[in-house]
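Asker: One structure is given below, represented as structure tokens, and several questions about it will come after.
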Amino acid sequence: MDLGLKGKVAVVTGGDSGIGKATAEILLKEGAKVAILNRSFDEIDDLKPFGDPFPVKADITSLEQVEAAREKIIEHFGPAEIVVHSAGITGAVGDFLDDIDDEGWMHTINVNLMGTVRICRTFIPDMRKAGWGRVVLLGSEDAVQPYIEDMPYCACKAGTLNLTKNLSKAYAKDGVLTNMVSPAFVETAMTNAMMRSRSEERGISMDEAVKSFLAENRPGIEVGRRGKVAEVGAVIAFLCSEQASYVVGSNWRVDGGSVSTIST
């Protein structure tokens, strides 16, 4: 399927690894001009066989850095027409009463929720002016179901889901379509770190750590495995395309069946 992305200017935050990197690869293969917005760059050379990604260093906790990144992208490619916001952190984890203090909550919110707000505030105006744009925000299964050791992360993703719907209501009339993609337990650096920690704590192999985590913590994942970044990236790329011109304000789960409810 031709996604009609040739020549489109796309910004992918967190595009140096994981889901962001997989999405950037697909967009490059589709002929998009891709800027990677990240705090550092370790793996971007892996994308060069598929196109010419433009690296821009920025920390999403700083509005000034995000705005400076926008100026660099405009100078290099022109205004962004597509934004995929994949950057984020696990944040503070542990017991709600005993382990997570205000600083842990605020750091998680500043990166995961306010970082999303800053990206949208910075790039949506150019899309409105052009009368066409695609915004895809990375959510999580955690937006709609509780995990009691990850409350700050869950709250941020629930906020991102609400933000997605609000942005769609505010700017779809201007041609800017906002949607969210919600993965669950995908094989990324973040979940690899979780599984390494589990492996070390229990004295088991990585494979055994993954299997036990699925059985004990994610029994709803019907396919019985971690997701692949390319599986998530394919859905994101579709939502960036003209093929998704009637899709707006939606939450697309790429979760192996993890979320049981039929509601959003």
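Asker: Using Cα-Cα distances under 8 Å and only pairs 6 or more residues apart, what relative contact order does the chain have, in percent?
Answerer: Details: 508 pairs, mean separation 53.2, N = 264.
After rounding, I find 20 percent.
Asker: Using 0.36 nm times the number of residues separating Tyr246 and His107, minus their current alpha carbon distance, what extension gain do you get? Provide the component values of the computation, followed by the final result.
Answerer: Numbers: separation 139, 0.36 × 139 = 50.04 nm, distance 3.57 nm.
Stretched fully, the Tyr246-His107 segment lengthens by 46.5 nm.
Asker: Taking +1 at the Cβ of each Lys and Arg and -1 at the Cβ of each Asp and Glu, which of Asn166, Val247, Ser197 sits farthest along the dipole of the stretch 165-264 towards its positive end, judged by Cα position relative to the Cα centre?
Answerer: Farthest towards the positive pole: Asn166.
Asker: Given +1 on the Cβ of Lys and Arg, -1 on the Cβ of Asp and Glu, and no further charges, what dipole in debye does the chain carry about its Cα centre, rounded to the nearest 20?
Answerer: Numbers: 28 positive and 37 negative charges, 230 e Å.
Charge dipole, the chain, about its Cα centre: 1100 debye, nearest 20.
Asker: Also, I was wondering about something else. Taking the Cα centre of the stretch 57-174 as the origin, how large is its charge dipole in debye, to the nearest 20, when only Lys and Arg (+1) and Asp and Glu (-1) carry charge on their Cβ atoms?
Answerer: Working: 12 positive and 18 negative charges, 213 e Å.
In debye, rounded to 20, the stretch 57-174 gives about 1020.
Asker: State whether the stretch 187-226 is rounded, prolate or oblate according to the following rule on the C-alpha gyration tensor (a ≥ b ≥ c being the square roots of its eigenvalues): a/c under 1.5 gives rounded; otherwise a/b larger than b/c gives prolate, and the remaining case gives oblate. Intermediate results must be reported in sequence, preceding the final value.
Answerer: Numbers: a/c = 2.24, a/b = 1.42, b/c = 1.58.
Because a/c hits 1.5 or more and a/b fails to exceed b/c, the stretch 187-226 counts as oblate.
Asker: On C-alpha positions alone, give me the angle between the axis of helix 151-171 and the longest principal axis of the chain, in degrees, nearest 10.
Answerer: It is inclined by approximately 30 degrees.
Asker: If you don't mind, there's one more thing I want to ask. Hey, what's the per residue convex hull volume over the C-alpha atoms of the chain, in cubic angstrom?
Answerer: Working: hull volume 34.5 nm³, N = 264.
That works out to 131 Å³ per residue.
Asker: For Glu67, put the label point 7 Å out on the Cα→Cβ axis and report which residues of the stretch 116-145 keep their amide N under 13 Å from it.
Answerer: Only 118-119, 121-123 pass the distance filter.
Asker: To the nearest 0.05, how large is the calculated FRET efficiency for Glu75 and Ser212 if R₀ is 41 Å and r is the Cβ-Cβ distance? Don't skip to the end; give the middle numbers.
Answerer: Details: r = 50 Å, r/R0 = 1.22.
Efficiency, rounded to the nearest 0.05: 0.25.
Asker: P(r) for the stretch 110-222: what percent of alpha-carbon pairs falls in each 5 Å bin, starting at zero?
Answerer: All Cα pairs considered, the percentages come to 2, 11, 17, 19, 15, 12, 9, 7, 5, 3, 1, 0.
Asker: In debye, nearest 20, what is the charge dipole magnitude of the stretch 187-226 about its Cα centre with +1 on Lys and Arg Cβ and -1 on Asp and Glu Cβ, if you could check?
Answerer: Values: 7 positive and 7 negative charges, 12 e Å.
Roughly 60 debye, rounded to the nearest 20.
Asker: Where does the chain land at 222 nm, in deg cm²/dmol rounded to the nearest 500, when only DSSP H runs of n ≥ 4 count, each adding -39500 (n - 2.57), divided by all residues? Working shown, then result.
Answerer: On the way: 8 runs with 113 residues, N = 264.
For the chain, the value works out to -14000 deg cm²/dmol.
Asker: On to the next question. For Ile204 and Asn166, FRET efficiency with R0 = 45 Å and r from the beta-carbon atoms, rounded to 0.05? Don't skip to the end; give the middle numbers.
Answerer: Details: r = 44 Å, r/R0 = 0.97.
That pair, Asn166 with Ile204, gives E of 0.55.
Laboratory data are not the source of any read-out in this text; all were calculated from the coordinates shown. Remember, predicted model here, so these are calculated numbers, not experimental data. Don't worry about glycine lacking a Cβ; one is built from the backbone with ideal geometry, like all the others, and counts go over all protein chains shown.
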